[in-house]
Structures are given as C-alpha cells and as structure tokens.
1. Taking the Cα centre of the chain as the origin and placing charges on Cβ (Lys, Arg +1; Asp, Glu -1), which of Ile218, Thr236, Trp92 is farthest toward the positive end of the dipole?
2. For the range 224-232, what does the Karplus curve 6.51 cos²θ - 1.76 cosθ + 1.60, with θ = phi - 60°, yield as ³J(HN,Hα) per residue in whole Hz, taken in order and with x for Gly and Pro?
3. Assuming R0 = 45 Å, can you tell me the calculated FRET efficiency for the pair Ala240 and Leu93, based on Cβ-Cβ distance, to the nearest 0.05?
4. How far apart, in nm, are the 7 Å Cα→Cβ label points at Glu33 and Asp220?
5. When DSSP beta bridges are limited to those with both residues in the range 3-250, what percentage is antiparallel, rounded to the nearest 5?
6. Once phi is turned into ³J(HN,Hα) by the Karplus curve 6.51 cos²θ - 1.76 cosθ + 1.60 with θ = phi - 60°, what whole-Hz value does each residue of the range 181-186 show in order, with x for glycine and proline?
7. Normalised by the residues of the chain, what does the relative contact order come to in percent, with Cα pairs under 8 Å and at least six apart?
8. What angle, in degrees between 0 and 90 and rounded to the nearest 10, separates the Cα long axis of helix 237-247 from the longest principal axis of the Cα atoms of the chain?
Amino acid sequence: MSTLVELDRLDKVYATGTGDVVALDGITLAIDEGEFVAVVGPSGCGKTTLLKILANIEQHTGGAGILGGKELGGNRSGDVGMVFQKATLLPWLDILANVLLPVTLKRRATRQDTAAALGLLEMVGLSEFARKRPHELSGGMQQRAAICRALVHEPSLLLLDEPFGALDAMTRDQLNVEVNRIWRETHKTAVLITHSIPEAVFLAERVIVMSPRPGRIIADIPIPFGKERTLDLLGTPEFAALSAQIRRFFEVKAA
C-alpha cells in the first residue's frame with residue numbers, strides 16, 4: 001500500500017498585529033491510500049487549520065507536505081473533496097445540480113458526470129430526491145448529498161470537517177454507519193476532524209491526538225476493529241476502553 005499524504009515537520013504561523021500565533025508546530029504524519037484517519041484535540045489546537053492545508057485553502061509556513069506525490073500548494077482542487085460542518089447546498093439548485101457543482105464550476109457536465117452523480121445519490125439512498133431542493137430534505141439527508149458532492153469528481157482524498165456536529169445524536173450515529181459504508185465501497189482515503197472521541201473511534205483506523213495550541217501530535221492510536229463498523233460496536237468494552245484511553249489526554253489534573 002502506497003502513502004498518499006506525507007507531512008514532515010509541518011508548521012503554520014499566523015502573523016497578527018500583536019505578534020505571531022503558532023497554530024501548528026512540527027506536524028509529521030503519513031497516511032496510506034485507502035486509510036481512514038481521525039484527528040481529535042481541544043478547540044483551537046489547529047485541527048481545522050491542518051485540514052485546510054490539506055485542502056489547499058491555507059498554506060503551511062514551514063516544513064513540507066506531499067499529497068499524491070506532489071508538494072502541497074498550487075492548484076490541487078481536483079485531488080481533494082471536502083465535507084464541511086454544514087451541508088452548504090445552494091438553495092436555488094436541485095440536489096443533483098448541487099452534487100454536480102464541483103464539475104460544473106470547471107466545465108459543462110457530461111452524461112457520464114450526471115450518471116456518476118446519480119450513482120452516488122443512489123448509494124446514499126437519495127436517488128428519488130435528485131430533483132428536490134435542499135429545503136425539502138432533512139439535515140441528515142442534506143449532509144449525505146454533501147458527501148456525494150465531495151466525491152463526484154473522484155478526489156484522491158476525502159476531508160470531513162466535523163460534518164455531523166449540528167445533527168441530533170440518533171441521526172449522527174446513523175450517518176457514521178453510512179460514512180463507514182461509503183468509505184468501504186469507494187476505497188477513498190479519508191481524514192476526519194471531530195470533537196467527538198466516540199465518533200473518531202467508531203470511524204477511524206487510526207486516531208491522531210493533538211495537543212492544545214500550538215498544535216502538536218501527541219499520540220497516534222491504532223483502532224483494531226476492522227473496516228466494517230456497526231452500532232453494536234458502541235456498547236462493547238473494547239470500544240469504551242479505547243475511548244477512555246483517548247479521553248485521558250484531555251483530562252484536567254486537579255491542582
């Protein structure tokens with residue numbers, strides 16, 4: 001299995017009017033093709049900054065980063081699909097047109113593009129909603145459509161920025177199962193940013209733990225549950241033990 005993402009002592013420093021702010025400090029990380037990695041850490045630790053660097057929304061200020069054998073930076077939008085905290089579907093377009101947006105922003109969609117988009121909607125159970133507008137779908141359905149939009153141009157890397165944080169617990173659990181299935185069926189490399197330790201343990205093959213700012217990697221924990229995950233996993237002692245192991249990194253010690 002080849003490595004898709006290689007980060008070597010990667011830094012991100014923001015210049016402000018009151019001095020430099022170090023967001024990321026010496027991030028070294030390798031992610032193999034087809035792997036699912038989750039990143040957890042306290043608010044402000046640089047998780048989303050790291051995701052934005054991988055998405056080419058932000059540029060790193062030190063160290064080196066490789067995606068698919070090429071240096072991070074430049075015009076790399078075709079390499080990455082991103083699912084945001086909110087679905088951000090355009091309300092005046094139907095669901096099919098929203099899914100096709102990454103294609104139509106660059107060129108005219110072909111029959112093959114439309115067939116691919118419809119295939120993705122079928123995979124997530126939304127084929128009958130292809131001609132509906134976003135407001136006619138529930139929040140969970142909108143996020144499913146957003147996942148289809150992120151995958152329609154066949155990116156090598158799928159980035160998920162706390163995509164289910166605004167949903168109720170039951171819908172979130174169901175979508176976690178759905179994301180696991182989509183990942184297994186599409187064989188994509190995926191990186192998830194989340195504040196939820198159980199979500200990270202449920203979805204990922206590895207959980208990367210980050211320190212408070214400046215963000216550093218303080219643990220890289222393998223998750224030994226195989227690729228297919230079901231909700232039954234949540235009630236097992238092994239799941240509880242791994243979640244507790246990760247949670248201990250964030251416990252505040254009494255003085």
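1. Trp92
2. x, 9, x, 7, 8, 10, 10, 5, 4
3. With R0 = 45 Å, the Cβ-Cβ based efficiency is 0.55.
4. For the pair Glu33/Asp220, the computed spacing is 2.0 nm.
5. Rounded to the nearest five, the antiparallel share is 55 percent.
6. The phi angles translate into 5, 4, 4, 5, 6, 8 Hz.
7. Values: 477 pairs, mean separation 64.7, N = 255.
Normalised by residue count, the contact order of the chain is 25 percent.
8. 60 degrees
Just so you know, all these numbers are worked out from the coordinates, no wet-lab data involved. Computed from a prediction, not measured in an experiment: that's the story for all the values here. Virtual Cβ from ideal backbone geometry, glycine too; neighbours counted across all protein chains shown.
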